[in-house]
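Peer 1: Once you've had a glance at the structure underneath, I'll fire off some questions.
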Amino acid sequence: MDPMAKTSTTTQGLRVAIERSGYYPALVAEAVEAAVGGEPIASYLVHQETTFDANEVRRHVTVLVLTDTRFIVSHTDEQAADGTSPTPYATTSTESVKLGRISSVVLSRVVANPEKYVPGTLPREVVLTIGWGAVSRLDLEPATCGDPNCEADHGYTGNSTADDLSLRVSEAGDGPETVRQALAFAQSLSEATADAGRR
């Protein structure tokens, strides 16, 4: 297949996925297209999520795009009218990350009846976590020496985890095709970051 035709097909597929999400598609598409610029799109994932906050239903959409040199994440939230705006409004943001900066791509799969698992079976849900150093989570706890009678201060011990983006996709909530796309995107991103590390 001609690489230019594949690029055109992928770009069109991204537009269709944004339209299908039904979530302010003109706003989301414009933000994503501006961030991508003229670069060919290698892979993408569109995830629309509805959450319930007290008495409000809130929607938001995350679009992940992989190019030959960058990972782009776009997130759009809707907000109800408040003290700063008399009408409802949406906020959209995009971040562009060089592939060489991505430090981790974690894909967690949840599989029903693992004793009967057949390779190639679609997971019930997947959680994709991507770290590039913009946000880290620090979990601390008091350090001990193992002596239950010791009263000395041993300081703290803990873990620092890159946790810039975490996205959960489930077959029940998002459909099997979105789960497949999440798996394909995670694989493409993992391969691209490995290639970037070898350059």
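The values are calculated or read from the model by the stated rules, or taken from the named source; none is laboratory data. As the structure is a prediction and not an experimental result, all values here were calculated from the model. Counting neighbours? That spans all protein chains shown, and the Cβs are built from the backbone with ideal geometry, glycine included. With ligands, DNA and RNA removed, areas are computed over all heavy atoms of the protein, side chains included. Shrake-Rupley method; radii C 1.70, N 1.55, O 1.52, S 1.80 Å.
Peer 1: Give the residue, chosen from ALA29, ALA35, that is of a type in the set (Gly, Ala, Ser), over 20 Å from SER188 (Cβ atoms), modelled with pLDDT of 90 or more and buried (at least 16 other Cβ atoms within 10 Å of the Cβ).
Peer 2: ALA29
Peer 1: Kindly indicate whether GLU95 is in a strand (DSSP E or B) and open to solvent by less than 50 Å² (accessible area, probe 1.4 Å).
Peer 2: No, not satisfied.
Peer 1: Right, next: Can you name the residue in region 27-45 that is out of contact with any Phe, Trp or Tyr (no Cβ under 8 Å at 6 or more places or on another chain) and in contact (Cβ under 8 Å) with a residue 40 or more places away in the chain and, of all such residues, is farthest from ALA90 (Cα to Cα)?
Peer 2: My answer is ALA42.
Peer 1: Return the total of residues in region 6-26 being in contact (Cβ under 8 Å) with a residue 24 or more places away in the chain, open to solvent by less than 70 Å² (accessible area, probe 1.4 Å) and under 21 Å from GLY175 (Cβ atoms).
Peer 2: Final tally of qualifying residues: 8.
Peer 1: If ARG58 meets every condition in (1) surrounded by 15 or more Cβ atoms within 10 Å (Cβ to Cβ); (2) of a type outside the set (Phe, Trp, Tyr); (3) part of a strand (DSSP E or B); (4) more than 17 Å from the chain's Cα centre (by Cα) apart from one, which number is that one?
Peer 2: (1)
Peer 1: Looking for whichever is in contact with a helix residue (DSSP H, G or I) (Cβ under 7 Å, 6 or more places away or on another chain), of a type in the set (S, T, N, Q) and either closer than 28 Å to ALA194 by Cα or open to solvent by 50 Å² or more (accessible area, probe 1.4 Å) (or both) here; the options are THR76, THR69. Which one fits?
Peer 2: THR69
Peer 1: Pairs under 7 Å by beta carbon, first residue without any contact (Cβ under 8 Å) to a residue 60 or more places away in the chain in region 170-185, partner in a helix (DSSP H, G or I) and open to solvent by 50 Å² or more (accessible area, probe 1.4 Å), six or more apart or different chains?
Peer 2: VAL179/GLU171
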